[in-house]
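First the structure, in the form of C-alpha cells, and then the observations on it.
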Amino acid sequence: MNPSLKLAWVVLLALELSFTQVWTVNVVLIVICLALMIWRRVAIKRLLWLTGVPLFFASALVWSLTLQGSASHHFLIVIFTRMFVYVYLGGLFTQTTDPLTLTRSLEQNAHLPAKFAYGFLAAFNLMPKIKAEVASIKAAALMRGQVLHVWSPQLYFKAILTAMHWSDQLSLAMVSHGFVEGAPRTHAAVIPLRHRDWWLTGGSLVLIQVGLFIGLP
Amino acid sequence: MKAWHLRDIILVTILAIFMGVIFFVIGPVYTILSAALAPAGLQPLANEILLGIWVMAGPLAGFIIRIPGAATLGELLGAVVEMFLGGVWGASTLISGVVQGFGSELGFILTGYKRYNWLTLVISALTTTIVTFTWSLFKEGYASYHLGFLAMLFTVRFISVFLFGGVLTKLITNLLSRAHVVKNVR
Amino acid sequence: MAVVNVTHLTYHYAHQSKPVLNDLNVTFPTGKFSLLTGASGGGKSTLLKLMAGLMPLSDTGTITYDGRPWSSIPAGQRSQTVAMLFQEPSLQFTMDTVENECRFVLENLQVDPATMPDRIAASLAFIGITALRHRNLMTLSGGEQQKVALAIIVAMDSDVILLDEPFASIDPIARQVLLDKLVALCTDHGKTIVLADHDLSGYAEWVDHLAVLEHGQVNLLSPSETQARFANFTPAKLAIHPAMPRPTNPIVLQGSQIRLYQGDRDLIKPQNLAFYEHKTTLITGPNGSGKSTLFRALVRLGHYQGTFNYHETNIQKIRQRRYARQVSLMFQTAAAQFLNVTVAEELALSLKYGRTKDFPSERIDQLLERLDLSGRHDQVLYSLSSGQQKKLQLLCMLIMAPPVLLLDEPFKGLDLASVTTVVAILREIQAEFKLTLILVSHQLSGLDDLVDYHLQLDHQHLQYVGVFHES
Ligand SMILES: Nc1ncnc2c1ncn2[C@@H]1O[C@H](COP(=O)(O)OP(=O)(O)OP(=O)(O)O)[C@@H](O)[C@H]1O
Ligand SMILES: Nc1ncnc2c1ncn2[C@@H]1O[C@H](COP(=O)(O)OP(=O)(O)OP(=O)(O)O)[C@@H](O)[C@H]1O
Ligand SMILES: [Mg+2]
Ligand SMILES: [Mg+2]
C-alpha cells in the first residue's frame, strides 16, 4: 500500500479510537493488524515484544483505574484493548514501511516540500551516530570527574551543540550536493499511488465507521 | 515571520532524536518505576513523574529555533522517533506528540514569538500541562478516576513539566546563549 | 573549466577583534591542483567556505568563477560550478546507501532517471569503489566514505573542487589512492582543485607553488621554497624506530582472548594483548580496521568478547566512576571532550578534578603560550579552529593526568610546528606523572621521539613490531 496513505490511515484510526468506546472494533483491528504483520513476515521476536509491552502497561492502567477510579467493566475492556490497537497499529506501520520509501512518497504523493522530506531523512540516518554520541557525552564527563544525570543541563547543552554542529554540516553538504530549496527535482524511483490504495483506505475506514455505529451501546 | 530552512529542519529532527535517545536511555527507569508503582494501582504516576523529560523537546525546539511551529514539530518528530524505536504507546505517540507539542507551542503563541524568557517558559509549562491532561482524560481514561487522585496526577504532572520544561530548559538555554549559539535571552 | 579569482577579500567573525582574512587576493588557475597550507587558525576553512558560497561574504571583496560572482550563478547550476568535500566524512550524506545517495544527488541536478544508473556506475568505477555500490554509508570506514564523497563530485561533474583537509583521518594508503584520483581529475578532466592540508606528504610531484595563508593573506611560494617545505615530509622524516617490548616490562592493561566485532564481522580475532606501563605505544592500521573500536572497548563504551584486566582487576568489575579516571580517552573529535562554554571554564574544570594540583596558573599560561592559545581565555570553545580545539583538548586531558591516557588521532589537523610542540609537552608531562600513553595516529611525522612501542593492526590481528634492543 502507498506509505503516505498508510500513515494517514494509522493516524486517523488511532485518533478516532481514542474517543470511541467499542471494544469489539478494537479486537477486530487487533486481529487484522496481527494477521497483516504475520502475512508480511514480521519477526516473531518483534511480535512478542509488541504484545508483551502493551500487556504490561494495559494491565497496569486497568488495575489503577480499578483501584483509584469508578470505571465500568465495559470501559476497562475498551481501555485494555485500545492499548493493544495503538501498539499494533504502530508496529504494523513501522515494521512494513521503509523510511526512504515513506520519504519519497511524502514528497511525491503528499507533496510535502522536499526540504522537509529529505531534511528529516538525512537526520534520521544519523540515528546510530546519535545513540553513540549520548554515551560518549556521559563518558567524556566521567573522565573529567563529572557525573551527568538526566537533570544535568550540560548533558542537553552538549547534545544541542552537537545537533547544531551536525545540522550545519549536513545542510551545507546537502547544498553542496546540489540540493536547492524549492527547486524542481527528478525522481529516480516513482512511488505509485494506485486507485486500489484509495479504495482500500476509504473502504476500510467506512467499514470501521459502520462497525463503530453498530457497536454503540 | 521566519521561514523554515533546510538547516532548521535538520536541526529540529536531530534534536528530537537526541531527546528520544536520552529518554530511551532512561527508558529502564520508566519501566522500573511503573513496575514498582503498578501493584498499588499507581502506575499512571510513573507517567506523570517523567512526563516533563518527554515534553522537553517542545520548549527547547521553540527556544532554539524560534520559528512558529518549532515546538510542535520538535515534539512530533520526537514521537516519530519513539514509535520507530518501539515505544510503549505505538501509533498514539504520534497524536500525543502533536498534542504535547501544541501544548508548549501555545506558550510561545501567547507571547507572540517575541519574548523568549522566564515568562514564556512558565506559560508554556502551564499550557502543556493543561492540554496534555485534557488529552489523557480521553485517551487513558483519566476521566473515570476519583477527583482527589486526578488532582494529584495533575499536580505531579505540572511539577514535572515545570522542572524539566521550565527550570532545566532555562538553565540549558542560559548555557547556549553564553556560547553565542542562541540569541541573548533575558 | 573555471578559474577562481579572489580579490580584496576581508572577513570578520562576530565576537572577534581581528579580521581572519584581510584584503586577501589569490587566483586558482583552471585545470591546476592548488595546495593551501598555513598555521592552525589561519583561516583556511573560512576561505574555502566563502569560496564554496557556504557562508555569505561579509565585509568587502569578490570571488568569481570565470569572471562570474557566485551569487550571479543560477542556484541550480552552483553545485556544478563548485563543490566541496568536507573534513568530517560521515556528516556529508543524506541517504542510507551509496547508490541512493548518488541518485539523490542526480535528482537534485534534474538528471533524467533513465541515464542515472550508467552515470553512477561510471563515477564509482572512476574512483574504484564499484563494490561499495549497495553498502550502507554508516558502516563504511572514514576512508571509504571520503571515496564515496569524491565519486559523488565526479558524478556531479563540478568544475571547481574544494577540499578542506580531506585526508585528516585517512590512512596513508587510502590517502595515496585518493590523491591519485584527484590529480587525474585535474590533468585528464581539467578540473580546478583547491585542497587545504597540513600534512604535505605526497604532493611534491604535483604542486609547484604552495599557497600559504598567514596574517589573513595568501602568499604563493617560489618552487624552491615550496620544495623546502615538502622536504619535511619525505619518507625518511616519517620513519619511526620503535623497540620490541621485553617480557619483563610491567603490564598495565592485559587483554585475554579479546575479540572485537561489528555486527557479525570480525575486526580483531581472539588474541591476547598487553599494554606496558609508563610507555608510549603507537597503534596503526588501515581505516576501519577497528582502532577506535578497541579504544571504545578499553574505556567500556563498546562491546567486546574476552577480558581486559587493569592491574590484575577485570575492568568490568571496577566502578565506572573510578575507572573513567584511571583509563581516559582523548576522543577523535575534540568537541566531544568539552563540557563548558569558554576556554577558561574548560581549563578550570580540569584543574578542579585533575589528579594533581601541580599546575599553578603561571604554568598553564606558559603552556597556552607554547600552544599558541594565549589570549583566548574568554573565547567560546566551539568557535576555535579545528587545530586550536585539538590542542586545547590535549591540554585539558594532560591536566587531568590519568594513569593511562588513550589518544585517538591527537595530531589530526595540526600543523608541523604544533605537532612538535605537542609532542614535547606530551613527553614532559608523561615523564613527570609517569603516564602510560596509547595513541592511534595516521600521521607519523615528528613522532619518533615519542613512541616506545609500535602495535600494528593488520589482517584482524594486533602485533608489536620493532627492533630488539639490548638495554
Ligand atoms: N564561527 C566563528 N566565530 C568566531 N571565530 C571563528 C569562527 N570560526 C572560526 N573562527 C576563528 O577564525 C580563525 C580562523 O578559523 P579557521 O577555521 O578558518 O582556521 P583554519 O585555518 O581552518 O585552522 P585549522 O588548520 O586549525 O583548521 C580562528 O582563529 C578561529 O578561532
Ligand atoms: N555504529 C556502527 N555501525 C556499524 N558499523 C560501524 C559502526 N561504527 C563503526 N562501524 C564500523 O566498524 C569498523 C571499525 O571502525 P573503527 O572506527 O574502529 O575504525 P578505525 O580503525 O578507528 O578507522 P579510522 O582509521 O577510519 O578511524 C568500520 O568498518 C566502521 O564502518
Ligand atoms: Mg580548518
Ligand atoms: Mg578511528
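The values are calculated or read from the model by the stated rules, or taken from the named source; none is laboratory data. Since the structure is predicted, the reported quantities are computational estimates derived from the model, not experimental observations. Every residue, glycine among them, receives a Cβ derived from its backbone with ideal geometry; neighbour counts consider all protein chains shown.
So here's what we get for this one:
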quantity: Count of region C:141-154 residues which are away from ligand 4 (no atom under 16 Å from the Cβ) and more than 10 Å from chain A (Cβ to nearest Cβ); calculated: 5
quantity: Tally of residues being within 16 Å of ligand 3 (Cβ to nearest atom), over 19 Å from C:Arg355 (Cβ atoms) and not in a loop (DSSP other than H, G, I, E, B) across region C:393-444; calculated: 4
quantity: Residue list for region C:96-137, restricted to those being more than 7 Å from every other protein chain (Cβ to nearest Cβ), not in a helix (DSSP H, G or I) and not charged (D, E, K, R); calculated: C:Thr97, C:Gly128, C:Ile129, C:His134, C:Asn136
quantity: Hits in region A:158-195 (condition: assigned to a helix (DSSP H, G or I) and within 8 Å of chain C (Cβ to nearest Cβ)); calculated: A:Lys158, A:Leu161, A:Thr162, A:His165, A:Trp166, A:Gln169, A:Leu170, A:Leu172, A:Ala173, A:Met174, A:Val175, A:Ser176
quantity: So A:Lys115, is it of a type in the set (D, E, K, R), surrounded by fewer than 19 Cβ atoms within 10 Å (Cβ to Cβ) and within 12 Å of chain B (Cβ to nearest Cβ); calculated: no
quantity: Scan of region B:26-41 for residues that are within 10 Å of chain A (Cβ to nearest Cβ), of a type in the set (A, V, I, L, M, F, W, C) and in contact with a helix residue (DSSP H, G or I) (Cβ under 6 Å, 6 or more places away or on another chain), ordered by number; calculated: B:Leu37, B:Ala38
quantity: Flag if A:Ile191 is surrounded by 17 or more Cβ atoms within 10 Å (Cβ to Cβ), among the hydrophobic types (A, V, I, L, M, F, W, C) and under 30 Å from A:His73 (Cα atoms); calculated: no
quantity: Total residues in region C:98-123, condition under 24 Å from the mean Cα position of the chain (by Cα) and not acidic (Asp, Glu); calculated: 1
quantity: When residues of region A:139-156 are limited to those that are touching a Leu at 6+ places or on another chain (Cβ under 8 Å) and more than 9 Å from chain C (Cβ to nearest Cβ), the one surrounded by the most Cβ atoms within 10 Å (Cβ to Cβ); calculated: A:Tyr156
quantity: Residue in region C:290-298 that is buried (at least 16 other Cβ atoms within 10 Å of the Cβ), modelled with pLDDT under 95 and within 16 Å of ligand 3 (Cβ to nearest atom) present; calculated: no
quantity: Residue among C:Ala149, C:Ala196, C:Ala211, C:Ala184 that is out of contact with any helix residue (DSSP H, G or I) (no Cβ under 6 Å at 6 or more places or on another chain) and within 16 Å of ligand 1 (Cβ to nearest atom); calculated: C:Ala211
quantity: Residue that is nearest to ligand 2 (Cβ to nearest atom), among those in region C:39-70 that are assigned to a helix (DSSP H, G or I) and more than 14 Å from chain A (Cβ to nearest Cβ); calculated: C:Lys44
quantity: Boolean, A:Ser136 is surrounded by 18 or more Cβ atoms within 10 Å (Cβ to Cβ), modelled with pLDDT of 90 or more, farther than 20 Å from A:Ala8 by Cβ and of a type in the set (S, T, N, Q); calculated: yes
quantity: Qualifying residue in region C:360-375 (condition: under 29 Å from C:Arg229 (Cβ atoms), within 14 Å of chain A (Cβ to nearest Cβ), without any contact (Cβ under 8 Å) to a residue 60 or more places away in the chain and more than 16 Å from ligand 4 (Cβ to nearest atom)); calculated: no
quantity: Answer residue from region A:17-55, given it is free of Cβ contacts under 8 Å to residues at least 24 places away in the same chain and of a type in the set (D, E, K, R) and is nearest to the other protein chains (Cβ to nearest Cβ) among those; calculated: A:Lys45
quantity: Any hit, region B:66-76, residues being crowded, with 20+ Cβ neighbours inside 10 Å, facing chain A (nearest Cβ under 7 Å) and part of a helix (DSSP H, G or I); calculated: no
quantity: Any hit, region B:29-41, residues being farther than 16 Å from A:Ala58 by Cα and either touching a residue at least 24 places away in the same chain (Cβ under 8 Å) or among the hydroxyl-bearing types (Ser, Thr, Tyr) (or both); calculated: no
